[in-house]
Amino acid sequence: MIECEKLAREYDNSYLALKGVSFEIKKGQFAAIMGPSGCGKSTLLNILGLLDRPTKGHYRLDGADVSHMGDRERTLLRRSSIGFVFQAFNLLPRLSALDNVCLPMTYAGASRPEREERARKLLTRVGLGHKTKHTPLELSGGERQRVGIARALSNNPRILLADEPTGNLDSKSSVEILALFHELHKEGMTIILVTHDANIAGGAQRVLHIKDGQLAN
């Protein structure tokens, strides 16, 4: 599903965040990306999520080279194929859980009844069917991340990208969130998760170690 060939990302004509990274991730695989702060993990995740472009190299998604697609093509592909889960949740604080989950579907052009029905199903799926009207400020950290996962799934993505999804959670909430990821993986979802925690990475099928912008394994 994902093929990366000699990906490099240079900033300000001097700093190389990635230095010729090559790997493949198969459809339905659960992969973890590990490495110290500043090693290039987030840069790599942003390229995989079509939020950034490589300076050199190729990124192929389902056989199509997306490295140098136009902005509109990239936006449409990202919207339809990729879901994002963030460490800081990135929920809109004044919107209800339901409306936060509806938001990506609004941008995709779904009707209000359609997006609300799907949002309710997704919130029920992550155990928050009874808190659809709550705002993020009325939810715990673990509950906010559940809303974040429901939002990431709203447009039926093929790939789920998660950047330190348990970084702001207590141990109990972390276990619950990871269980959700493993359930999604069992259902066939392709998942790529960035983490500093070796125990979390140990639950993945494959671990990519990044050091100084290069694969260390």
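At 222 nm, what value in deg cm²/dmol follows for the chain if DSSP H runs of at least 4 each add -39500 (n - 2.57) and the sum is divided by all its residues, to the nearest 500? Could you put the intermediate results ahead of the total?
On the way: 7 runs with 76 residues, N = 217.
Computed mean residue ellipticity for the chain: -10500 deg cm²/dmol.
By count of other Cβ within 10 Å, fewest leading, how are Y11, Y59 ordered?
Y11, Y59
What distance in nm separates the simple spin-label points at N168 and N90, each placed 7 Å from Cα in the Cβ direction?
1.2
How much length is gained on full extension from K19 to N199, taking 0.36 nm per residue of separation minus their Cα-Cα distance?
Stretched fully, the K19-N199 segment lengthens by 62.1 nm.
Are there trypsin sites (Lys or Arg not before Pro) in segment 1-81 that DSSP marks as loop and that have at most 13 other Cβ atoms within 10 Å, and which are they?
Answer by residue number: K26, K27.
Could I have the simple spin-label model distance between V207 and Y11, label points 7 Å from Cα toward Cβ, reported in nm to one decimal?
2.6
Run the quick spin-label model on R72 and L51: label points 7 Å from Cα toward the beta carbon, then report their separation in nm to one decimal.
In this crude label model, R72 to L51 measures out at 2.5 nm.
Once the Cα atoms of helix 141-152 and of the chain are each reduced to a long axis, what angle between those two axes, in degrees from 0 to 90 to the nearest 10, is obtained?
Between helix and principal axis, roughly 70 degrees.
Taking amide hydrogens as modeled 1.01 Å from N in the peptide plane, which residues meet the under 5 Å criterion relative to L160, leaving out close sequence neighbours?
Long-range HN contacts for L160: G83, T190, I191, I192.
Relative to the first principal axis of the alpha-carbon coordinates of the chain, what is the inclination of helix 97-107, with its axis defined by its Cα atoms, in degrees from 0 to 90 and to the nearest 10?
Its long axis makes an angle of about 60 degrees.
Could you run the Debye sum over the Cα atoms of the chain, one equal point scatterer each and no solvent, and tell me log10 of I(q)/I(0) at q = 0.08, 0.09, 0.16 Å⁻¹, two decimals?
Summing over Cα pairs of the chain leads to -0.28, -0.35, -1.10.
Relative contact order, percent, of the chain when contacts are C-alpha pairs under 8 Å separated by at least 6 residues?
Once divided by the residue count of the chain, the mean separation gives 32 percent.
Going by alpha carbons, how many degrees (0 to 90, nearest 10) lie between the helix axis of 171-186 and the longest principal axis of the chain?
The two axes meet at around 80 degrees.
Taken together, the values in this text are just the output of simple stated rules run on the coordinates, not laboratory data. Every value quoted in this text rests on a predicted model; they were computed, and no experiment measured them. Backbone-built Cβ (ideal geometry, glycine too); neighbour counts: all protein chains shown.
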